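For reference, the structure is listed below as structure tokens.
Each value in this text was obtained by applying a stated rule to the coordinates, not by laboratory testing. Everything numeric in this text was worked out from a predicted model, so none of it was measured. Glycine gets a Cβ as well: all are built from the backbone with ideal geometry, and neighbour counts include every protein chain shown.
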Number of protein chains: 4
Amino acid sequence: MKNEYRVQVHWGDCDPADIVYYPNYFIWIDKATHALMGAHGLAQAALESRFGIHWFPIADASSRFLRPSSHGDEFTIRSRVESWTEKRFTIVHLGVRDEAVLFEGRETRFFGGPHPGDPARLRVLPVPDEILAIFGKPD
Amino acid sequence: MKNEYRVQVHWGDCDPADIVYYPNYFIWIDKATHALMGAHGLAQAALESRFGIHWFPIADASSRFLRPSSHGDEFTIRSRVESWTEKRFTIVHLGVRDEAVLFEGRETRFFGGPHPGDPARLRVLPVPDEILAIFGKPD
Amino acid sequence: MKNEYRVQVHWGDCDPADIVYYPNYFIWIDKATHALMGAHGLAQAALESRFGIHWFPIADASSRFLRPSSHGDEFTIRSRVESWTEKRFTIVHLGVRDEAVLFEGRETRFFGGPHPGDPARLRVLPVPDEILAIFGKPD
Amino acid sequence: MKNEYRVQVHWGDCDPADIVYYPNYFIWIDKATHALMGAHGLAQAALESRFGIHWFPIADASSRFLRPSSHGDEFTIRSRVESWTEKRFTIVHLGVRDEAVLFEGRETRFFGGPHPGDPARLRVLPVPDEILAIFGKPD
């Protein structure tokens, strides 16, 4: 389960050193996850209608930053589901420009739905078998 | 109905010219409106419990930018309700540092609650008399 | 001088009412301006090398919001230079989905370069004739 | 070397599930680092004038998210320098509300100054002894 997500670094994404302000990388990583899910039939609307999954919240997020980017730069985020447990899955995101790795991010997420007793609360859901089949084999 | 909201300009708020990236002014203006409402007993929880108002969406937002700010700067936003009609109200926001006006923003907003026939839709609500009394006299 | 800029409304762009948090519209409007300039040979690098223009700061920004958008929505921003004076130019941005206008934004900007006496300060530059020729006739 | 940084969770910080959109945690963590540095005489202006340090870029950022926050919530970020090597230092950030840990973030940063041969390039600087003395003993 892989996808590529294209990023254009905008003037407003950069700080006074003309380097990307680092929280923006996590916005792009999050968008890359949504794109990865959507590209495999797991957009939010589909998750909800098919599996009762309303959200896929974050449990852990990290990134190593290897090379900076400045306004006007472009790069690709190569995202794939790297591993999973019964209730969590990890997505790795490689930021790549001209085959150089710019950053390596990871997100661990889980699936959630409304709690039966209190719709305002979240209930963690196991990863459905059908989604495991889409994830494919781990690395 | 007035309030002052204090802003510290952060490194990440500024662009490569070390000038505030202008959409951030609207984030601060929005926060200043929430602070203004909250300072007068009209925080979101109170609006909902007392008046059935769930949201106060934006109809119009604008700002003139007179003097730039850079990272490390601080300023105050002086906010007040400037005028209103039956269903809308306008808040003016003056960004001020050392008595110099940095920007002059305006927001026109309205009150909304869930539509009786479809809770996912918004119904525009007239400004309640009790809130008009809090707004006070227009300028 | 016209351009179209495509926007996908992302989960993180929306507030708890699942409505776009309005300052994000100004981020998209700003990006649409950069796209408009770039599409006509006026990207930042070209402005600097050809005209000594380093920045095009904002003097005034506004938007009327007519129809809300939610996560998963897409729309197009139709941008064009609407008018100009010797030292300022105004860009109008129409957010459009299925021919319905979602918002109508305006930005007034000016061109700036480093001040000869102090490179940290900005000097306002008149709009060069060559750029006026690219702007074309006003509406 | 410790500091506390106070955060108010704003309407626009939250996503349609009324949960903080997670990249915003990294904005607050970054601000908490600036506040930590500033509280110990290491604000950016002081770093530059005393040590020739112009930036403290990020090499690695991560956070575990243990409990969500919603609009209207407040919490404190307890930040401290946890460890360092010759050229890098790690700051740990605990998000705390009512003694419950909400998140545990870490940043590894380094100090940089303009490269003598090319001011547009960054040169990594060793952590000065005087700053090591401020960091104090590692945990």
>> Once R0 is set to 56 Å, what does the formula 1/(1 + (r/R0)^6) return for the Cβ-Cβ distance between D:HIS115 and C:GLU104, expressed as a FRET efficiency to the nearest 0.05?
In response: 0.75
> Near C:LYS2, which lysines are there with a Cα under 22 Å away, not counting those fewer than 8 places off in the same chain?
Replying inline: C:LYS31, C:LYS87, C:LYS137
> Which residues' amide hydrogens lie under 5 Å from the amide hydrogen of A:HIS40, considering only partners 5 or more residues apart or on another chain, with H built in the peptide plane?
Replying inline: none
> Whole-Hz Karplus ³J(HN,Hα) for the range B:132-137, in order, using 6.51 cos²θ - 1.76 cosθ + 1.60 and θ = phi - 60°, x for Gly and Pro?
Replying inline: 4, 5, 6, 4, x, 7
> Which ³J(HN,Hα) values in Hz, rounded to whole numbers, follow from the phi angles of the range D:113-128 under the Karplus curve 6.51 cos²θ - 1.76 cosθ + 1.60, where θ = phi - 60° and Gly and Pro get x?
Replying inline: x, x, 5, x, x, 7, x, 7, 9, 9, 10, 6, 10, x, 5, x
> How far apart are the B:ARG121 label points across copies, placing each 7 Å from Cα toward Cβ, in nm, shortest first?
Replying inline: 3.4, 5.8, 6.3
> Around B:PHE51, what is the net charge, scoring Lys/Arg as +1 and Asp/Glu as -1 over all other residues with Cβ under 11 Å from its Cβ?
Replying inline: -2
> C:SER70 versus C:GLU86, label points 7 Å from Cα toward the beta carbon: distance in nm?
Replying inline: 5.2 nm
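Would you work out the relative contact order for chain D, in percent, from Cα pairs under 8 angstrom that are 6 or more residues apart?
Working: 261 pairs, mean separation 37.4, N = 139.
It comes to 27 percent, rounded to a whole number.
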>> With loop defined by DSSP as not H, G, I, E or B, and exposure as at most 13 other Cβ atoms within 10 Å, which is the longest segment of chain C clear of exposed GluC sites (Glu not before Pro)?
In response: C:1-85
> For label points placed 7 Å from Cα toward Cβ, what is the shortest-first list of nm distances from C:ILE134 to its copies?
Replying inline: 4.4, 4.4, 5.0
> To the nearest whole percent, what portion of all C-alpha pairs in the protein assembly as shown is separated by more than 30 angstrom?
Replying inline: 54 percent
> With each pseudo-label sitting 7 Å past Cα toward Cβ, what's the B:SER49-B:VAL96 distance in nm, one decimal?
Replying inline: 3.3 nm
> Which FRET efficiency value, to the nearest 0.05, do you get for A:LYS2 and B:ASP129 by plugging their Cβ-Cβ distance into 1/(1 + (r/R0)^6) with R0 = 51 Å?
Replying inline: 0.30
> Which residue is it, in chain C, whose C-beta lies closest to the C-to-D rotation axis, and what is that distance in whole Å?
Replying inline: C:PRO16, 3
>> Check which residues have an amide H placed less than 5 Å from C:LEU102's amide H, if you skip close sequence neighbours.
In response: C:GLY95, C:VAL96, C:ARG97
> HN-Hα J couplings of the range A:17-24 from phi, Karplus 6.51/-1.76/1.60, θ = phi - 60°, integer Hz, Gly and Pro as x?
Replying inline: 8, 6, 10, 4, 5, 4, x, 4
> Long-range amide H contacts for C:PHE111: which residues qualify at under 5 Å (H placed 1.01 Å from N, peptide plane, sequence gap of 5 or more or a different chain)?
Replying inline: C:LEU125
> At B:VAL96, with labels set 7 Å past Cα in the Cβ direction, how many nm apart are the copies from this one, shortest first?
Replying inline: 3.8, 4.3, 5.6
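Let me have the 222 nm mean residue ellipticity of the protein assembly as shown computed from DSSP H runs of 4+ only, each contributing -39500 (n - 2.57), with the sum over all residues rounded to the nearest 500.
Numbers: 12 runs with 128 residues, N = 556.
That comes out to -7000 deg cm²/dmol.
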> What Kirkwood hydrodynamic radius, in Å, does the range A:1-107 give when the mean of 1/r is taken over all pairs of distinct Cα atoms and then inverted?
Replying inline: 14.5 Å
> Out of the range D:65-139, which trypsin sites (Lys or Arg not before Pro) are coil in DSSP terms and have no more than 14 other C-beta atoms within 10 Å?
Replying inline: D:LYS87
